[in-house]
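One structure is given here, and the rest of the page talks about it.
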Amino acid sequence: MTADEAIHARFCVSWPGFTFDVDLDLPGHGVTALFGHSGSGKTTLLRCLAGLERRSIGSLRFKGEVWQDSERGLFRPTHQRPLGYVFQEASLFAHLSVQQNLDYGRKRVSHAHPVSLQHAVELLGIGHLLDRMPERLSGGERQRVAIARALATSPALLLMDEPLAALDLKRKNEILPYLERLHDELDIPVCYVSHSPDEVARLADHIVLLSEGRVVAAGGLRETLARLDLPTAFTEDAGVVIESVVADHDQIYHLTRLDFAGGNVVVARRPEPVGRRLRFRVHARDISLTLTRAEGTSIINRLPATVIEIATADTPAHVLVRLDAGGTPLIARITRRSLDHLEVAPGKLLWAQIKAVALLA
Amino acid sequence: MLSAVDLAAIWLTLKLATVTTAILLIVGTPIAWWLAGTRSRFKVLIGALVALPLVLPPSVIGFYLLITLGPHGPVGQLTQWLGWGILPFTFAGLVVASALYSLPFVVQPLQQAFEAIGPRPLEVAATLRASPWDSFFTVVVPLAKPGFITAAILGFAHTVGEFGVVLMIGGNIPEKTRVVSVQIYDHVEALEYAEAHTLAGGMLLFSFLVLLALYSRKGRNAWT
């Protein structure tokens, strides 16, 4: 990746009781999750990128183009930035039909359309809704139209502010596959605000962790989640994300084997065919450590792993152990007592027992 | 049944109300837009000034307008210097007075409509490449349409119904400043109760129909 392909952002905005101050480089491709608790500044960062926060001081360079440079008094207004923005709540124009909503942005874009309206409509499965008025759509349908409307402008950058937050689980599951298709089929950098670890683990390639208006960590999803030096707010839910491939289905026991770099896990039978890529998440609290390959246990997923480092956890009783299982990072949350009993130290070879696997599809 | 003088008064009233409403929609929209969106500390001050005609006796407004627009008043001197003469006792003077008098009836419904829309649709429009002017006319105006209609109806009806300000600033000149309300007053003064009845009844019916239209609109869905 050359420097010009990236997004360089430096912003500072203050309100009474809240200061937002970030300086970060975002990759110019893939999905970057902006993750943090409410009030951490996720939405503010997104609004600064879009130019909706006129009071922000700083600079923004998007793939070599200057969008903002407060020192030189440069500020490109939102309507002149080639971006798409999906707001948290339904933001369709109530006085326009679905088709007119889709046309609103598209008509105002003069350049060629790498993403045609047709493609966006198909990608989001809204072809049958075009004549409807927004008030006659369900929450999930509205968000799909809003995403298609943003895509129809052929944005160079797609910003999404918790597009699923206002929806119930059923609607979320209805939209997530569309977002995954988006990720697979479009070559647009996406900044995706979320406070749901599962959503992030499922969709993101990169992650920016925000806390109290500051960047706590940023980088590739797997590497960043496998770090142990994150603030407690993030470690209580610590875990890793593993990219795997469906390798085999066991018809007798109704199990599916998932292969990944450095090993495999067996999970309850999955509907996906052999060869399909599947992400899963292993929580640190679901990994236990043994000195030898334990026999006589009901846990079937055991991986040999080398201890890399040890760090404090969210309680004084626990520690986090980072392991390397043949190239795949794992994090285990064990008690300090077990740490001493097993004499866990960097370099030691152990067996990691995985009690549960959260599949992200 | 209606005399030529009565018809002239009705025609003048309708003309005055139409011109005043048109001017108020043009002048009132930016004022209402500013009041709806501003965080300025002058918001309260301007809002109170706009609302003043709601509570002031029309004679007070008329009195100050007479002085300001008169030959020795600041505005009067300006209009004379511009070669427009002086406004009191002319149709133009009536329009100026009516516009001031009916200002809150146009600004307030518009302001409420703009506030109800909020900043979000404009932000959405901006992310869809619409410039501020573009989004005002393609998003705000259509969304605020019920507010514009209410503002126009109220501005028109209130101008038709004015009396005190007209009497102070316009006098009672047939075909120039003698509107229906003044004509009714004249009929009553002259003990022409039958003629007064006709005009007064007409005004009553007109006002009732206007309010009926207004309230039935409010009950309906705003977008259809």
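The values are calculated or read from the model by the stated rules, or taken from the named source; none is laboratory data. Remember, it's a predicted structure, so these values are computed and weren't measured experimentally. When we count neighbours, we look across all protein chains shown, and the Cβ atoms used for this are built from the backbone with ideal geometry, even at glycine. Just so you know, the surface numbers come from the protein's heavy atoms only, side chains and all, with ligands and any DNA or RNA stripped out. Shrake-Rupley method; radii C 1.70, N 1.55, O 1.52, S 1.80 Å.
Only one of these is of a type outside the set (Gly, Ala, Ser) and at pLDDT 90 or above: B:Leu35, B:Leu2. Name it.
Result of the check over B:Leu35, B:Leu2: B:Leu35.
Looking across segment A:1-41, the residues that are surrounded by 23 or more Cβ atoms within 10 Å (Cβ to Cβ), touching a helix residue (DSSP H, G or I) at 6+ places or on another chain (Cβ under 7 Å) and closer than 27 Å to A:Tyr178 by Cα come down to A:Val31, A:Ala33, A:Leu34, A:Phe35, A:Gly36.
Of the residues that sit in segment B:158-180 and are part of a helix (DSSP H, G or I) and either open to solvent by 50 Å² or more (accessible area, probe 1.4 Å) or free of Cβ contacts under 8 Å to residues at least 60 places away in the same chain (or both), which one is farthest from B:Phe91 (Cα to Cα)? Here the residue is B:His158.
A Cβ distance below 6 Å, combined with a sequence gap of six or more or placement on separate chains, defines the contacts here; from segment B:1-19, residues that are in a helix (DSSP H, G or I) reach residues that are loosely packed, with under 13 Cβ neighbours inside 10 Å in the pairs B:Ala8/B:Glu175.
Mind listing whichever residues of segment A:82-119 are at the interface with chain B (Cβ under 9 Å from one of its Cβ atoms), open to solvent by less than 60 Å² (accessible area, probe 1.4 Å) and touching a Ser or Thr at 6+ places or on another chain (Cβ under 8 Å)? Residues satisfying the conditions are A:Pro82, A:Leu83, A:Gly84, A:Tyr85, A:Tyr104, A:Gly105, A:Val109. Give me the residue from segment A:55-81 that is of a type in the set (Lys, Arg) and over 30 Å from A:Ala120 (Cα atoms) and, out of that set, farthest from the other protein chains (Cβ to nearest Cβ). Looking at the filtered set, the residue picked out is A:Arg72. Residues in segment B:103-118 that are open to solvent by less than 10 Å² (accessible area, probe 1.4 Å) and modelled with pLDDT under 95: how many? Result for segment B:103-118: 0. Beta carbons closer than 7 Å, at least 6 apart along the sequence or on distinct chains, pair a first residue in segment A:42-61 that is open to solvent by less than 10 Å² (accessible area, probe 1.4 Å) with a second that is part of a helix (DSSP H, G or I) for A:Ala50/A:Thr78; A:Ala50/B:Thr127; A:Gly51/A:Thr78; A:Ser56/A:Cys48; A:Gly58/A:Ser70; A:Leu60/A:Leu49. Within segment A:269-283, not a single residue is of a type outside the set (A, V, I, L, M, F, W, C), out of contact with any Leu (no Cβ under 9 Å at 6 or more places or on another chain) and modelled with pLDDT under 85. Quick check on B:Thr138: is it among the hydroxyl-bearing types (Ser, Thr, Tyr), assigned to a helix (DSSP H, G or I) and over 23 Å from the mean Cα position of the chain (by Cα)? Spelling it out, B:Thr138 is indeed among the hydroxyl-bearing types (Ser, Thr, Tyr), assigned to a helix (DSSP H, G or I) and over 23 Å from the mean Cα position of the chain (by Cα).
Here A:Pro16 fulfils each of the conditions (1) within 19 Å of A:Arg214 (Cβ to Cβ); (2) in contact (Cβ under 8 Å) with a residue 24 or more places away in the chain apart from (2).
Listed conditions (1) free of Cβ contacts under 8 Å to residues at least 40 places away in the same chain; (2) surrounded by 20 or more Cβ atoms within 10 Å (Cβ to Cβ) are all met by A:Asp184, apart from (2).
When A:Ile310 is tested against (1) outside any loop (DSSP other than H, G, I, E, B); (2) open to solvent by less than 40 Å² (accessible area, probe 1.4 Å); (3) of a type in the set (A, V, I, L, M), only condition (2) is not met.
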